Each structure stands twice: as C-alpha cells, then as structure tokens.
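The values are calculated or read from the model by the stated rules, or taken from the named source; none is laboratory data. Bear in mind that the values here come from a model prediction, so they are computed numbers and not experimental data. No Cβ is skipped: glycine too gets one built from the backbone with ideal geometry, and neighbour counts run over all protein chains shown. Each accessible area value is taken on the protein alone, full model and side chains, heavy atoms only, with ligands, DNA and RNA left out. Shrake-Rupley method; radii C 1.70, N 1.55, O 1.52, S 1.80 Å.
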Amino acid sequence: MLLRSLLHDAERDEVEADIRGEYAMRCDRDGVESANAWIWRQASASAPASLKRSWWRGWTGFESQAHMHRPGGVMLEQWIQDARFAVRRLMKRPLFATLAIVTLALGVGGTAAVYSLVRTLLLEPLPYGNSSTLAAFWNPFDWSQAEHLFLQDNMPAGFSDIAAYTQMDLTFTAPDGGAPQSTSMIVSSANLFGVLDVQPLFGQVFGPGDDAQGAEPKVVLSYGLWRTLGEDRSLIGRPLEIGGEPHTIIGVMPPGFWFPDPEARVWVNAPFDPENRSGNYAMIGRLADGYTFGNMAAPLAQMGTRLRERFDYPPDWDKTRNPVLTPIADSVAGTVKPMLLATLAAMALILLIACSNVAALMLGQVDSRSTELAVRSALGANRRQLMQQLVMETVILGVAAGLLGSLLAAGSFSVLKHSLALGALLDNAQLDWSVFTGAMGISLLAALVVAAVPAISLWRGDLRDSLTHSRTSGISGRGGRTENALVIFEVALAVLLVAGAALLIRTVDNLRSIDPGVTVEQVAVLDIITEYTTARPERARMLSDIIPGLQALPGVENAALTQQLPLRHGGNNWGFHVEGIERGNQSTTAFRIVTPGYLSTLGIDIRQGRDFTPADAVSEEPLVIINEATRDAFFGPVDPIGRMVASGTGGLARVIGVAGNAAEAGLTAGPTPARYMLLSHVPSTALQQTVVIRTREGVDPASVFDAARSTIERVAPIVAVSNTTTMQDVFDRAVGPALQLKSLLVILGGLALVLGAVGVYGVVSHFVGKRRREWSIRMALGLRPWQLIGRIVARGGMLVAAGTVIGIIASLAVMRVLSTFLYDVTPADRPSLMIAMAILLAAGMLAALIPAWRASRADPATVLREQ
C-alpha cells in the first residue's frame with residue numbers, strides 16, 4: 001500500500017503486477033516470511049526515491065509525455081502544486097498577505113508566550129512525590145513548634161505525616177571564606193523532605209532526631225547554590241557558616257527542586273522545643289491512603305478538638321476555627337494563578353479577534369475572485385479542489401504567522417514575565433522550545449479556523465450563477481452577511497478587553513487614592529541581615545552605627561532603621577494594655593522597633609506630643625509612641641501623653657507622642673493599632689532589619705544604593721544587604737496584581753481596538769468596492785457626497801453598535817472573573833462600560849469614515865466607464 005500510494009497512476013498497474021508476480025514466486029521458493037521481508041525491504045528502499053520524484057513533479061509542474069494520457073497523480077503532488085499557486089497569489093497581494101500574517105502573528109505570539117508561563121508555573125508537575133496528596137495548613141506562619149510536636153505525637157486521622165517550616169533571610173559565608181552573602185533559608189522539622197517525598201542528588205537529607213534539642217546543625221543545599229560554591233562533591237561533610245554559626249553540609253538537592261519557592265537555597269534543621277509557643281511556622285501534611293481533600297472535614301474537626309484541649313487560644317487568634325486545607329499546588333502558585341489565567345483569557349480573546357479579522361479578509365478575497373472561481377468551475381474544477389487551494393493558502397499564512405509569532409513570543413517573553421507580579425516564581429518561568437511548538441500549533445489551528453469560514457461560504461455559494469452577476473459578485477450575499485457577523489463578533493470581543501482594562505484602571509486609581517500614611521516619594525529602602533551568633537548588644541550597636549554613616553552620604557536628608565516596614569502586610573503583633581485603664585476590645589498592637597528619625601523619614605506626622613530624639617536613645621526610661629488607632633482603641637477620652645503602657649518586653653513604657661496611622665497591615669486593611677519603641681530600649685533585636693533613607697528633593701532614591709551598600713559593608717562587615725528598592729516600589733507592590741494586569745490589559749485592549757478598527761475598515765471597504773457602480777449611478781443622479789458618506793458610515797456604525805451591545809451584555813456575564821482584582825468597583829461598573837462603548841464606537845466610526853471619504857471623492861463618469 002505504501003508503494004502504491006507513491007506511484008503515479010500511469011505506472012501503478014504495471015509496477016504492482018511485477019511486484020505481485022515476484023512476491024508469488026518468492027513465496028513458493030522461500031516461504032511467506034521471507035517474501036514478506038523482501039516486500040518490506042523493497043518498500044523501504046523505494047520510498048525515498050518515490051517521494052523525491054513526487055516532490056519534484058509537484059514543485060516543478062513537469063509531467064512526462066508518457067503520463068499525459070492518464071489524469072491524476074499522488075496527493076503530495078497536488079498539495080505541492082496548490083502550495084506553489086497559493087504562494088504566487090499571496091506574492092501578488094502583498095498588502096493582504098502582510099496584514100493577515102501580522103494580524104495572526106500578534107495573537108499567536110502573545111498567546112504562545114502566556115501559555116508558556118501558564119504551562120511552566122501551573123501545569124507542570126511540582127518537584128515532589130505524588131504532590132496531589134500534599135496539603136498546606138491554614139494560617140501559614142502562625143503555627144508554633146509546640147503545636148507541631150503535639151500533632152506529630154497525636155497524628156490526626158487522615159494524615160500520614162506532618163512537617164513544619166519557616167522561611168527567613170540569613171547570611172552565609174562560603175567554606176573558603178569571603179564576605180557574608182544573603183540567602184533565603186528554610187528552617188524545618190527533620191521530616192520535611194520525607195513528607196515531600198524527595199531524595200537528594202547526592203548526600204542525604206535530615207533524618208530522625210535532627211530536630212531534637214541539642215541536634216547537630218546541618219544544612220542541605222539547593223543545586224544552584226552548590227554550583228555557586230564550585231560544584232565540588234567534597235563539600236559534603238564540610239561546614240557552611242549560616243548566620244555566623246557553622247552548619248555541616250549533608251546533601252545537595254537535584255536540579256529543578258524547590259520548596260516552598262525557587263528563592264529558597266538552603267534548608268537547615270531546627271531543634272524543636274515543646275515549650276516554644278512562638279507562632280512563626282507553616283505546616284504541610286501528606287494525606288493518608290484513602291483520604292482526599294473532599295473527605296477531610298471529620299479529621300480536621302478532630303484535629304481542632306485536640307488542639308483546643310491542649311492549647312489555650314485567645315478569641316482573636318483561635319486557629320481551630322474554620323480549619324481548611326489547600327492543595328500544595330494552589331498554595332505555592334495561588335497568588336499568581338488568577339492573574340495568569342486572566343492574562344491567558346485576554347490573549348485568547350486577541351487571538352479570536354485576529355482570526356475573525358483574517359477570516360473577514362479571506363472572505364473579501366474569495367468574493368473578489370468569484371468570477372475567476374466560477375470560470376474555473378465551468379472549465380471542470382470541482383469544489384473540493386477549489387476549497388483545497390483555499391485551505392492551502394490559509395495554511396501558508398498560518399505557517400508564516402507561526403514563525404513570526406514565535407519570534408514575537410520569544411522577544412516578548414522576558415518583558416511579559418517581568419510585567420506580571422510573579423514574585424518568587426519569577427525564576428521558574430523559563431523560555432524553551434515549547435514556545436515555538438506552541439506558537440506553530442496555535443497558528444495552524446487558527447489558520448484552519450480561518451479557512452473554515454470562506455470554505456463554507458464557497459461550498460454554499462452558486463459558482464456558476466456568478467458568471468451572470470460578475471459585476472456585483474454573485475456570492476456576496478452570504479459572504480457579506482458572514483463578514484458582517486465576523487466584524488460584530490470581533491467588536492464584541494474588543495469591548496470585553498476594553499471594559500476589563502477600564503475596570504482595572506478605575507481599581508488602580510482607587511487604590512492609589514488611598515492615603516498610606518507615609519510619604520512614598522524620595523525614600524530608598526534597604527533590607528539587611530545580621531548574623532544571629534552576634535550578641536544582642538553588639539548587634540544593636542552595629543545597627544545604630546550604620547545610621548550616622550548613611551546620613552552623611554551626599555544627597556541624603558535623613559536615615560533610620562525599622563524592624564517592619566509599612567505596606568508589607570504587618571506582622572510582629574504584641575500584647576498591649578494601659579496602666580490604670582481596663583483593656584478595650586483590642587488585646588494586641590503592631591510592635592515596631594525603630595531608631596530616632598524613623599517617623600520623619602517616612603513622613604509620618606506627630607499628632608500629639610513629640611517624636612523620638614537622639615537623646616532618647618540613651619535614656620534609661622523606656623519610651624513609646626502610639627498611633628491614632630491605638631489611642632482610639634485603648635484610651636478613649638483619656639489623654640495618652642505621659643501614661644504608662646505595656647512595653648511588650650515585660651515592663652512599662654511612657655507614652656511621649658501620638659503618630660498618624662500608617663498602612664501597617666496592607667494598603668486596604670484600614671487603620672491598625674501600632675506602637676513604636678526605640679531599638680536601644682528593646683532587649684531583643686531581630687536578625688532582619690530595614691533601612692529607610694530620605695533623599696533631598698531632586699535626588700533619585702535609587703542613586704544612593706551603591707553608596708549605602710558600601711557604607712554598611714564598611715561600618716558593619718557582618719551585615720549583608722539582601723534587597724534594595726524604593727518606597728514607591730513598595731507602594732506599587734501593595735497596590736497588588738491589579739497594577740500589573742492593568743498595564744497589560746491596557747496594551748491588549750489597545751491592540752483589540754486596532755484590530756477591531758481594521759476589521760471594520762476592511763468590511764466597509766469591501767462593501768464600498770462591490771457597490772462602486774451603484775454609488776456612481778446614484779451620485780450621477782444627484783446624491784450628494786456628504787449623503788454618501790453618511791450612508792456608508794452609518795453601515796459601519798450599525799456593525800460597531802451591534803458588536804458593542806453584544807460585548808456589553810457579554811461583559812456583564814463574564815467580568816466577574818476580574819472581581820478578585822477589583823477594589824471599590826463592581827464588575828458592572830457603568831462608567832467603565834460606557835467608556836468601553838464610547839471608545840469602540842469612536843474607533844469604528846473613524847475606520848468606516850476612511851473608505852466612505854474615498855468613495856465620495858471618486859468620479860462617477862470614470863467609475864462607470866471602468867465598469
């Protein structure tokens with residue numbers, strides 16, 4: 001059958017008879033198995049030559065005299081000839097070909113780039129064993145060592161094992177020495193890797209007893225950090241200094257492994273204390289056999305009961321209420337999943353608009369060729385052959401668009417992934433060959449969708465009747481209606497994108513209008529890490545010594561230190577009460593450890609009393625500044641200045657001032673009770689601190705990063721700078737994904753607007769072209785140019801209006817997918833929908849005006865002579 005399909009009709013019977021005769025002879029002489037082997041050898045040896053000859057005949061069109069009397073040929077030849085014909089036609093219509101290819105390539109390239117992100121971040125399996133049975137516990141980083149040890153000793157039903165971990169930035173020093181470097185570190189229970197069901201590339205992971213009191217400090221390296229340290233297997237067993245304390249390197253994880261995010265590069269064991277109630281751990285669990293996320297309600301209820309029996313939880317911090325498990329895939333990618341899916345949906349709409357546009361262009365081309373197609377049909381061409389040529393032309397457009405789309409996807413991939421708020425998953429988004437294959441697959445699929453529209457129109461049209469209507473294009477009736485439907489469809493899709501962009505623009509405007517209580521301009525931010533082996537007095541002294549050096553830098557107005565920066569979602573809430581006043585409805589406040597000048601550096605106003613001064617840092621009496629939310633919650637009508645309140649460190653502190661509210665727990669969280677104490681008045685000092693530097697007017701805050709980093713290295717060599725940013729960037733991150741998605745949707749909405757306008761222009765131009773003779777007669781009979789313009793623009797306006805109405809209705813139904821990104825705006829926001837409608841109507845009318853103006857300028861006498 002293989003040889004038969006490759007042979008020309010004129011040779012097929014003769015060659016087949018020879019082969020059958022030879023096969024029969026070999027069967028009699030050598031047996032059936034030997035004859036079958038001979039057949040396969042002949043087929044394999046003859047196939048390349050037959051394919052080459054078929055390709056050559058199809059490409060050159062050469063046909064020998066011996067074959068002229070027999071019609072037909074193998075399908076490969078027909079395809080090659082159709083491809084050559086399609087290429088010649090496209091080369092004769094460069095404007096149409098370029099417009100169609102670029103239009104498809106824009107949709108294909110963008111969709112392929114976004115799909116590559118979705119595939120790598122959401123669809124690829126996680127680097128854990130059987131990750132579908134891994135669950136993240138509720139209230140992450142609020143569990144204690146005591147709670148974890150209790151649950152391990154009293155394993156709840158439904159779980160085979162439970163692990164705990166926390167994440168922090170610390171310094172490390174390479175085994176061969178050098179300056180301290182910062183890294184993201186995971187401190188975990190000994191069974192973390194067992195729960196994840198992963199093995200090291202070489203070496204070993206933590207074992208039983210590695211989280212017991214007095215256990216040897218050990219560290220497991222990521223593959224990336226091991227390569228940074230020289231890719232030396234002899235590192236196993238050697239010490240790695242982390243936070244100033246030596247840890248023995250016991251293993252290296254394989255390439256591609258990460259947990260809980262790609263930023264983590266080292267995992268260390270922690271000695272778990274059954275009396276440690278500090279809630280800063282997250283917990284994950286492996287579901288037991290026979291359990292799924294759907295039948296874990298009873299085990300979770302049992303777990304909550306056991307925790308309540310063992311621990312006392314204040315009403316505001318009761319973790320046993322509403323327990324819920326999250327699949328690990330949603331936990332590690334939950335923040336970016338809605339944004340990626342929304343972006344993919346937007347790009348899919350762009351691709352559909354592009355397909356509609358090219359399909360409308362193809363319909364116009366088929367309509368303009370109606371007479372040619374009718375003549376070819378009368379001369380013997382059947383509909384299948386005509387449709388095959390049409391499909392081949394569209395496939396060639398699709399291949400060209402796929403190649404161009406691949407280049408666009410590769411070129412825009414880096415810009416795309418940095419324009420989205422991917423956070424710690426940014427490094428996981430990598431460009432690979434799947435973008436190319438995806439672009440080609442999407443392009444060919446889009447080409448087939450495009451080809452189906454004119455092919456159906458061609459199949460349903462009466463080609464022979466076109467000969468009697470050559471001046472008005474006989475198949476234009478159905479084609480015109482289909483073109484109009486396509487334009488209405490793409491305008492409706494454009495409305496969806498423009499409406500979505502308008503909703504996000506209003507959301508971002510609403511978020512930016514929120515007063516964060518701090519001045520975000522002219523402030524540089526440096527996150528620093530100190531070694532935890534350094535004694536607290538020495539650590540506090542070094543941190544305090546950093547500030548004068550930073551204040552002396554050129555262009556710097558002020559500098560200060562804080563343990564927690566506003567707009568970074570709170571943390572560090574400590575108990576609070578006022579001496580002599582019963583506790584109000586609040587039991588804790590945010591606790592902020594700062595240096596003098598912090599409030600003024602961030603522009604937080606003092607509403608009562610005074611700010612800290614340098615002299616306060618050496619005062620033996622603990623002092624505190626509260627914010628307005630704390631005053632309102634705890635003091636009522638009592639003047640807080642001079643009152644004694646809980647210092648948070650076991651004693652009392654005197655209130656010297658009331659500061660304005662800052663967005664301590666996030667931009668939209670509302671006023672959060674907070675109090676500020678000086679670094680020198682607090683007996684404990686966190687390893688991670690944040691330096692804030694206010695620059696003088698006109699000095700870019702980012703310009704002081706290098707000088708500030710050098711100053712810190714000189715004054716405090718054991719302190720490492722882990723991150724540099726500006727307060728404006730911190731504010732933009734607090735605005736959230738809506739800011740990044742808004743920028744992207746504005747670009748896509750503008751692209752949809754352009755494509756929609758091109759579609760309207762193409763259909764109206766085709767409508768005008770088909771009726772040139774009619775318009776000329778009407779103008780000769782007295783129709784004014786402005787009347788002609790009005791009629792043509794009205795037709796385009798009707799298409800745009802119909803598409804806009806459908807798009808508005810559709811947006812009311814589907815815009816709820818953006819609800820997670822919206823703030824103080826509903827999906828049915830009237831101003832946003834009206835803006836989208838007005839923009840699309842204006843663009844569509846302008847697109848229709850161009851061919852209408854051109855038609856009104858035509859000379860009727862010239863047009864009639866041409867017709």
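Annotations
- Mean separation of Cα contacts under 8 Å (6+ apart) over length of the chain, as relative contact order %: 15
- Per residue, the accessible area of the chain comes to 45 Å² when a 1.4 Å probe rolls over the protein heavy atoms.
- Longest site-free stretch - the chain; sites: GluC sites (Glu not before Pro), DSSP loop, at most 11 other Cβ within 10 Å: 276-578
- Euclidean distance between Cα centres, the range 561-634 to the range 178-193, Å: 32
- Taking Cα atoms only, the orientation of helix 75-92 departs from the longest principal axis of the chain by about 80 degrees.
- C-alpha long axis of helix 337-368 to longest principal axis of the chain, angle in °: 20
- Counting only protein chain heavy atoms and rolling a 1.4 Å probe, the accessible areas of T613, T562, T173 rank, largest first, as T613, T173, T562.
- Environment charge of A802, counting only residues whose C-beta is closer than 14 Å and scoring Lys/Arg +1, Asp/Glu -1: 0
- Fully extending the segment from A828 to F293, taken as 0.36 nm per residue of separation minus the present Cα-Cα distance, adds 189.2 nm.
- Only beta bridges with both residues in the chain are counted; by DSSP, about 80 percent of them are antiparallel.
- The charge dipole of the chain, taken about its Cα centre with unit charges on the Cβ atoms of Lys, Arg (+1), Asp and Glu (-1) only, comes to about 4920 debye.
- Our summary of shape: the Cα atoms of the chain have principal axis extents of 110, 93, 57 Å, ordered from largest down, in whole angstrom.
- Projecting the alpha carbon convex hull of the range 95-164 along each direction and taking the average yields 7.5 nm².
- Exposure ranking of M837, M362, M25 by accessible area [1.4 Å probe, largest first]: M25, M837, M362
- Rounded accessible area of D829 (nearest 10 Å², 1.4 Å probe): 20
- Summing +1 for each Lys or Arg and -1 for each Asp or Glu among the other residues whose beta-carbon sits under 15 angstrom from that of Q145 gives -4.
- The stretch between D30 and A345, if pulled fully straight at 0.36 nm per residue, gains 107.0 nm over its current Cα-Cα span.
- Simple spin-label estimate for T335 and H577 in nanometres, 7 Å along Cα-Cβ: 3.6
- T613-R306 FRET efficiency (beta carbon distance; Förster radius 41 Å; 0.05 resolution): 0.20
- Loop-located trypsin sites (Lys or Arg not before Pro) in the range 599-652 whose Cβ has at most 16 other Cβ within 10 Å (DSSP): R610
- Note on R321 and A212: the model spin-label points, each 7 Å out from Cα along the C-beta direction, lie 4.0 nm apart.
- Straight-line cross-link reach from K92 at under 30 Å between alpha-carbon atoms covers these lysines, not counting any fewer than eight positions away in the same chain: K52, K770.
- Residues M798 and L201, FRET efficiency given R0 of 60 Å [Cβ-Cβ distance, rounded to 0.05]: 0.35
- Normalised by the number of residues in the range 613-734, the mean separation of alpha-carbon contacts (under 8 Å, six or more apart) gives a relative contact order of 24 percent.
- Neighbourhood net charge (11 Å Cβ-Cβ; Lys/Arg +1, Asp/Glu -1) for N627: 0
- Relative contact order of the range 200-324, defined on C-alpha pairs under 8 angstrom at six or more residues apart (%): 28
- Förster-model FRET efficiency, 25 Å R0, R791 and T98, C-beta, rounded to 0.05: 0.25
- Subtracting the Cα-Cα distance of R89 and V715 from their residue separation scaled by 0.36 nm leaves 218.0 nm.
- Between the helical axis of 476-512 and the longest alpha-carbon principal axis of the chain there is an angle of about 10 degrees.
- Dipole of the chain computed with +1 at Lys/Arg Cβ and -1 at Asp/Glu Cβ about the Cα centre; of A146, L543, L497, farthest Cα towards the positive end is L497.
- Whole-Å distance, taken between Cα centres, linking the range 756-780 and the range 208-252: 75
- Surface composition of the chain: carbon and sulfur atoms hold 57% of the protein heavy-atom accessible area at a 1.4 Å probe.
- The range 785-793 - phi-based ³J(HN,Hα) in whole Hz, Karplus 6.51/-1.76/1.60, Gly and Pro as x: x, 5, 5, 4, 4, x, 5, 5, 5
- Distance between modelled label sites at S131 and L445, nm, 7 Å Cα→Cβ extension: 2.2
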